[in-house]
Amino acid sequence: MNILIVGSGGREHAFAWKIVQSPLCQKLFVAPGNAGTAQLATNLSIGVNDFEAIAAAVLENSISLVIVGPEEPLVRGIRDYFESREDLKKVLVLGPDSKGAQLEGSKDFSKNFMAKNQIPTAASRTFVKETLEEGLQYIAEQQFPLVLKADGLAAGKGVIIAANAEEAQSTLREMLVDAKFGDASHKVVIEEYLHGIELSVFVLTDGEHYHILPEAKDYKRIGEGDTGPNTGGMGAVSPVPFYDDAFQKKVEERIVRPTMNGLKAEGIRYVGFIFIGLMNVKGDPYVIEYNCRMGDPETEVVLPRIDSDLLVILKAAAEGKLKYVNFAVSNKTALTTVVVAGGYPGDYGKGDVIQVPEKQNYTTIFHAGTKHSEAGEVVTNGGRVLAVTALGTSITEARQRSQTAAAAVQYEGKYFRRDIGLDLL
Ligand code: AMP
Ligand code: GLY
């Protein structure tokens, strides 16, 4: 079958890398892709939100499965668009419709959803411009730190952790009155700060059945020791040692099953990935957020641990036949180190020539923000440039391999964290 992956990050390169290993895969396309996906697939120069151009490419290239990587096209309704067109109805799409994608697209929706379904999460209230005064008063009565979240998609920047009431109140004003995050902050969720360790759990569902994929821990801050501003993710590890049988059971019983049942109760046939961001609070899981897609860089450690034919699994999920497939998961540890552009997550340059090291055993270099220059060189084209994944029999071994390869990458202003996985040892 011919397949299209929508997106251009390390996540999409990892999907492409795994999918081309399947005998089922005939032609693979990525829109728009990066310099890494270009080595495995045909990149199509189409933006992820240009549904008409995506549809035209699907018809022209006889594509029968579309895998949607990032959240934005899902929240904007790429699945709904395909379902609405008679000539595209037979094309399988892996990713929820816009209603399902509200789990990520609206924090207010997801908080209400969790409340309705008794899914453990931080206590919260939602405010709009008209209820600003109430919001300011509410803040005055809270404990700190306090978390303020823009309701809509804000490219990972919409969460502010305020240290005291003054900061929380001025943030609330900026979000609601000055539209700090544009339309995304016309509603603001204010929630209690949870103390604990984070981890991410991924569920693949065909709308009826589900399968829980390997978990991962992400390193969100730019600086070593989890310091400095938040990023899209600076590294990831899978498996996570504290995700033991007892914790897994709590996650499935208290969170995954009620989420599936809740979606059905809303009349949502959710086809795709649900990424559940969790906080382990003294051994009990709480949901920090839902995402309607796989994580990046988590995908770069989750997929290398799946030994089964991923394309068979993804096709089955898109067809509603997930219960018929087998999942074999490797007990190896996967660790990825993200190599970023100097200045990221603030302003950074693009177009620097990258020297990617030679392929080493147990190591795979996934491209994120890269492209081919007109001269044919691989150059930087984003904040997160490469995700260097290694497998090992322990965190220590995987970490050493990943770090060695990350150190061998060369370009102007390169930076990476040297402490990925260290906290888990
Ligand atoms: P989100 O975009 O919801 O994932 O939030 C970004 C990051 O903010 C999370 O990965 C957490 O590190 C942090 N965060 C969000 N909500 C909370 C919370 N209620 N308590 C503590 N940290 C939080
Ligand atoms: N690494 C976090 C995310 O993909 O949202």
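Any read-out appearing in this document is the output of simple, stated calculations on the displayed coordinates, not a laboratory observation. Nothing here was measured: the structure is a model prediction, and the numbers come from that model. All Cβ positions, glycine included, derive from the backbone under ideal geometry; neighbour counts span all protein chains shown.
With labels modelled as points extended 7 Å from the Cα through the Cβ direction, what inter-label distance (nm, one decimal) is found for E224 paired with K282?
Inter-label distance under the simple model: 3.4 nm.
DSSP beta bridges in segment 24-166, what fraction antiparallel, as a percent rounded to 5?
Close to 45 percent.
Would you mind checking K89/K264; K180/K250; K27/K220 for any pair whose Cα atoms are more than 31 angstrom apart?
Over 31 Å Cα-Cα: K180/K250; K27/K220.
How large is ³J(HN,Hα) for each residue in segment 78-90, as worked out from phi by the Karplus curve 6.51 cos²θ - 1.76 cosθ + 1.60 (θ = phi - 60°), to whole Hz, x for Gly and Pro?
Here the 3J(HN,Hα) series is 5, 5, 4, 4, 5, 5, 7, 9, 3, 6, 10, 4, 7 Hz.
Check each of the GluC sites (Glu not before Pro) in segment 346-383 and keep only those in coil by DSSP with at most 10 other C-beta atoms within 10 angstrom; list them in order.
Counting only loop positions with at most 10 other Cβ atoms within 10 Å, the GluC sites (Glu not before Pro) in segment 346-383 are E358, E374.
What is the sum of charges around I46, taking Lys and Arg as +1, Asp and Glu as -1, for the other residues whose C-beta is under 15 Å from the C-beta of I46? Could you put the intermediate results ahead of the total?
Numbers: positive: R76, K371; negative: E12, D50, E52, E60, E72.
It works out to a net charge of -3.
Please enumerate, by chain and number, the aspartates and glutamates with C-alpha under 15 Å from the C-alpha of K350, excluding those fewer than 8 residues away in the same chain.
Partners found: E374, E377, E412.
Just to confirm a number: summing +1 for Lys and Arg and -1 for Asp and Glu over residues other than K371 whose beta-carbon lies under 14 angstrom from that of K371, what do you get?
In short, -2.
Give, in whole angstrom and from largest to smallest, the semi-axes √(5λ) of the equivalent ellipsoid of segment 274-425, with λ running over the eigenvalues of the Cα gyration tensor. Let's see the in-between values first.
Values: eigenvalues 165, 77, 63 Å².
One finds semi-axes of 29, 20, 18 Å for segment 274-425.
For segment 120-191, state which GluC sites (Glu not before Pro) are in a DSSP loop and have at most 14 other beta carbons lying within 10 Å of their beta carbon. Don't skip to the end; give the middle numbers.
Working: sites: E130, E133, E134, E141, E166, E167, E174, E191; in loops: E141.
Passing both the DSSP loop test and the Cβ count: E141.
Relative to the present Cα-Cα distance, how much length would full extension add between E60 and Q355 at 0.36 nm per residue of separation? Before the final figure, lay out each step's value.
Values: separation 295, 0.36 × 295 = 106.20 nm, distance 3.53 nm.
Here the segment from E60 to Q355 would lengthen by 102.7 nm.
Taking 25 Å as R0, compute the FRET efficiency from the Cβ-Cβ separation of H209 and N2 and round it to 0.05.
Rounded to the nearest 0.05, the efficiency is 0.45.
Pick from D87, D284, D97: which is most flexible by mean-square fluctuation in a GNM of the chain where alpha carbon atoms under 10 Å apart are linked?
Greatest mean-square fluctuation among the candidates belongs to D87.
Could you give me the radius of gyration and the Dmax of the chain, taking only the C-alpha atoms into account and expressing both in angstrom?
Every Cα atom of the chain included, Rg and Dmax give 20.9, 61 Å.
Relative to a virtual label point 7 Å from the Cα of D183 in the Cα→beta-carbon direction, which members of segment 76-97 show backbone nitrogen distances below 15 Å?
Answer for this model: 76-78.
Full extension from T393 to R257: what is 0.36 nm times the residue separation minus their Cα-Cα distance, to one decimal in nm? Please report the intermediate quantities before stating the final value.
Numbers: separation 136, 0.36 × 136 = 48.96 nm, distance 3.17 nm.
Extra length available between T393 and R257 comes to 45.8 nm.
How high is the relative contact order of the chain? Use alpha-carbon pairs under 8 Å, at least six apart in sequence, and give a whole percent.
17 percent
Run the numbers for N112 and D244: contour at 0.36 nm per residue of separation, minus the present Cα-Cα distance, in nm.
Full-extension gain reported as 44.6 nm.
With both bridge residues required to lie in the chain, what share of the DSSP beta bridges run antiparallel, to the nearest 5%?
So the antiparallel bridges amount to about 80 percent of the total.
Could you compute the net charge surrounding D307? Neighbours are other residues with a C-beta less than 14 Å from the C-beta of D307; K and R count +1, D and E count -1.
Working: positive: K18, R305, K332; negative: D309.
For residues surrounding D307, the net value is +2.
Which distance in nm do the two modelled labels at R76 and E166 give, with both placed 7 Å along the Cα-to-Cβ direction?
Simple spin-label model gives 4.1 nm for this pair.
Between segment 128-147 and segment 242-317, what is the separation of their alpha carbon centroids in Å?
Value for the Cα centre distance between the two parts: 31 Å.
Could you give the nm distance between label points at A407 and R125, where each point is 7 Å from its Cα heading toward the beta carbon?
5.3 nm
Can you work out the FRET efficiency for the pair D419 and S373, with r the C-beta to C-beta distance and R0 = 22 Å, to the nearest 0.05? Show your work: numbers first, answer last.
Values: r = 33 Å, r/R0 = 1.48.
Efficiency computed from Cβ-Cβ geometry: 0.10.
Show me the trypsin sites (Lys or Arg not before Pro) within segment 281-325 that DSSP assigns to loop and that have at most 10 other Cβ atoms within 10 Å of their Cβ. Walk me through the intermediate numbers first.
Values: sites: K282, R293, R305, K315, K321, K323; in loops: K282, R293, K321.
Taking segment 281-325 and a limit of 10 other Cβ atoms within 10 Å, the loop trypsin sites (Lys or Arg not before Pro) found are K282.
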